[in-house]
Amino acid sequence: MPETTGPIGRITRCSTQSFSGAVHPSALSRPAFGAFCQAEDTAGEIKVIGVIYDLRIEDDPLARQMAALEDLPAEQLADAQKNRQAPVEFSALTVGYEQGDRIIYALPPRPPLTLSPVFLLSGQDLLRFTGEASFARLILASPNLPSEQLLAAALRSAIAARPEGDRDRYQLLAGRTVARLLAGDLPRLENVLGALR
Amino acid sequence: MSETPRLDEVFGPARSERPLGQVMEGSLSTGLKVRLDPGFTLERMAVGRYVVILGRQTGITFFGLITDIALEASDPGLIHRPPQADDRLSLDVYLGEVAYGTLHVSPMLMLEADQDQPRPIKTIPTHFSHVYEASAQDVARVFGEEDETHFFVGTPLDMEAVQVNLDLGRFVERSSGVFGKTGTGKSFITRTILAGIVQSGLASTLIFDMHNDYGWSVKDESGRAYKGLRQLFQDGRVSVITLDENTSRARGSKIDGRLTIGYEDLEPEDVEMLASLLGLTDVQTQALYFLHRRLGVDWISRLMSESGEEDELQEMIDSGRIVAGTLGAIRRKFESFFPRMGFLVPGSANQSVDDVFQRLSMGTSVVLEFGNYGNTLAAYVLVANYLTRRIHARYVHLKNLAAGQKAEEPRPLVIVIEEAHKFLDPQVAGHTIFGTIARELRKYNVTLLIVDQRPSGIEDEVMSQVGTRVTCLLDNDADIRAVFSGVSGAGALREVLARLDTRQQALILGHAVPMPVVVRTRDYDQDFYASITGVAAGSASAGESLFGE
């Protein structure tokens, strides 16, 4: 079992490249942009690992009406924010998978199962998966995403997971991996490193 | 005792496990570009060092020389967007990945798994072959062991335990050269090599010692004295013959003879070499042959005669055979030069040539000290040309007799000339004895050892015949080009040459070494004396014999 305090939500839509789902109300404060998460595939043989690249709350007519009020009573605001079931959705980009003891930094053969629980990757699992920064390749190759910002956020979470004394070493190692991938594209490399500092 | 030191004792230290880098591109003719592993510091690399490349596909070992070091960037935009000086992360990340070092390696030799001796390359290692710093054992394997014919001349850069041994047999087989700017140690290297040749007995040497550097004690800029060849070989293997007895004696040289040249022995060909130095025009030079023919062997004495105009000379002018102005100019120029040369004597002194030839034939090397005459280039050119022409003629005669089995092969002879460009410049090299010897290779067992600071002044064809080139620092482009004329893959070596230290470093390439090598030349010190004389440097009796006769 991954070292988490429980799932952050369940999958509602998925493909081999990404998966999305809804966040449990009790876990609203846990998922973050750039956090690593994982869910199992349909056969339960592989654990698909993703990086959260989007968190969103869809609007609805009531919310729009309440937002238009000039004097919104505090009780109504608290009720709408805390008690009303407005789903918070997340989307994660697949950056690898774990099969048996092997970690593979590539797209999985199958997507996770719908309504599978999604866990945040943490502790030894996070250290193990981010031991190499090879996940950066899939992030940088994703079109239509703020890939440099996403990669920097993912690296920050990987760095933060490490003991204080190991962070500089890892930052340099990861930075060099990214530099190798973006050796011919200095502006993007600068964006990543700039966001990493 | 652990296993590794025991293995090291037997096989030498293992080559570093970590490659310096990988072969990225290149060709047989232009050399290889190697991307430096980020784990190595570019600033620790140096041109002239050896590397070993393990062929990725065949396992062939290639030996090469670092000939250039460069900074490169994966993105040409780096020069416009360098990381900020205080941005430590970017600086560290860029180094080795975006901004990296490359080595230009000239592959020289290859060694296949089933062979003992490396041989010249015919192919190159493939992409991504690993490049390692050559170990001392790798380099020693290339340059072999010192023996009777392989003479230790120096050590590769940063490999003081490895000897670079010059194949003296091959060195004397073809003409060779020692080049370098003034003050870079040409004379020391030349003297070292000559000591090796004398010690090996592979050839006699005739040294035209312009600055009195080779025969007897010589001092460097700091005033420290070094032994000459005559002091190193006190058993008769080296003779010092002087042109200037007074100066030689004043210097304390032990001399074995005095060289004089009779006016009657001089021929127009001997004087023709002096044309530019004496300011003789073409017409005047041609007139020398006419005058020699008409006046006979004492032509110079008669031309310089102060006992009035000779009838015959007047008759030549009257009959229009020679213009009075031409004759007058020749006489003035002769009178301003010949009488000042004390080694020129009236009559004939041909026995001097016989004496030198006899010594050379017996295996004795001859150092011809010029004394104060070394300051007069015309004297040097005259004597070197005079003696070489005659000795070469005797060698040709002997060689022809040997071909007809009527005499023994003449002993190989190496003639050492300084200021060689004066003898071998394109204007005169085609018709001087030195040009002839350089082109003949070893046909008559006579070769040259050219010592010069301006190789660009030497005719290209002669330079291309120079088998082994020992080159100290040169910084003139034309001189550097000249040194590499006729050498394949020379472009890369130019960078090596231009960056030698000003003292005690030389690039050796050609016939006598298996591959080009930058050496820190052997110290010319008591250890060297001891190795030559066979007397231990530290012994008390050695001290006496090393410093005195």
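Here is how the numbers come out for the structure above:
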{"quantity": "Average beta carbon contacts from partner chains per residue of B:92-104, 10 Å cutoff", "calculated": "4"}
{"quantity": "Chain B, relative contact order in percent, only Cα pairs under 8 angstrom and at least six apart counted", "calculated": "18 percent"}
{"quantity": "Alpha carbon Rg of the range B:379-493, scaled by the compact-globule rule 2.2 N^0.38 Å", "calculated": "1.15"}
{"quantity": "Rg/Rg_globular for the range B:3-143, with Rg_globular taken as 2.2 N^0.38 Å and Rg from C-alpha atoms", "calculated": "1.18"}
{"quantity": "The range B:111-227 - Rg over Rh from alpha carbon coordinates, Kirkwood radius", "calculated": "1.06"}
{"quantity": "Isotropically averaged projected area of the range B:170-304, using the convex hull of Cα atoms (one quarter of hull area), nm²", "calculated": "11.3 nm²"}
{"quantity": "Amide proton proximity set for residue B:69, modelled H, under 5 Å, gap of 5+", "calculated": "B:104"}
{"quantity": "At 1.567 mPa s and 4 °C, Stokes diffusion of chain A via Kirkwood alpha-carbon radius, µm² per second", "calculated": "72 µm²/s"}
{"quantity": "Across B:219/B:422; B:186/B:422; B:181/B:422; B:181/B:219, pairs whose alpha-carbon gap is larger than 21 Å", "calculated": "B:219/B:422"}
{"quantity": "Shielding by partners, peptide B:71-81 (average Cβ within 10 angstrom, other chains)", "calculated": "3"}
{"quantity": "Calculated Rg and Dmax of the range A:130-197 using C-alpha coordinates, Å", "calculated": "11.2, 36"}
{"quantity": "Diffusion constant of the range B:101-150 at 25 °C, which comes from Stokes-Einstein with the Kirkwood Cα-pair radius and 0.890 mPa s, µm²/s", "calculated": "188 µm²/s"}
{"quantity": "Ascending count of other beta-carbon atoms within 10 Å, so fewest first, for A:105, B:444, B:50, B:132", "calculated": "A:105, B:132, B:444, B:50"}
{"quantity": "Compactness of the range B:319-460, expressed as Rg and Dmax over alpha-carbon positions, Å", "calculated": "17.5, 53"}
{"quantity": "In sequence order, calculated HN-Hα J values of the range B:353-367 (Karplus, 6.51, -1.76, 1.60; Hz; x Gly/Pro)", "calculated": "5, 4, 4, 4, 4, 4, 4, 4, 5, 7, x, 8, 7, 10, 9"}
{"quantity": "Packing-based exposure ordering (other Cβ within 10 Å, fewest first) of A:110, B:119", "calculated": "B:119, A:110"}
{"quantity": "For q = 0.18 Å⁻¹, Debye-computed log10 I/I(0) when each Cα of the range B:19-100 counts as one equal scatterer", "calculated": "-0.86"}
{"quantity": "Translational diffusion coefficient (Stokes-Einstein; Kirkwood radius from C-alpha pairs) of chain B at 10 °C, 1.306 mPa s, in µm²/s", "calculated": "61 µm²/s"}
{"quantity": "For A:162-173, mean number of other protein chain Cβ atoms within 10 Å", "calculated": "1"}
{"quantity": "Area projected by the alpha carbon convex hull of the range A:1-118, averaged over all directions, nm²", "calculated": "8.2 nm²"}
{"quantity": "Considering only the range B:3-143, percent of DSSP beta bridges that pair antiparallel, nearest 5", "calculated": "95 percent"}
{"quantity": "Shape box of the protein assembly as shown [Cα atoms, principal axes, largest first, Å]", "calculated": "142, 67, 50"}
{"quantity": "Hydrodynamic radius by Kirkwood, which averages 1/r over all alpha carbon pairs of the range B:263-340, in angstrom", "calculated": "12.5 Å"}
{"quantity": "Neighbour-count order for B:80, B:511, fewest beta carbons within 10 angstrom listed first", "calculated": "B:80, B:511"}
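Bear in mind these aren't lab numbers, they're just calculated from the coordinates by the rules spelled out. Since the model is a prediction, treat every value here as computed from it, not as a measurement. All Cβ positions, glycine included, derive from the backbone under ideal geometry; neighbour counts span all protein chains shown.
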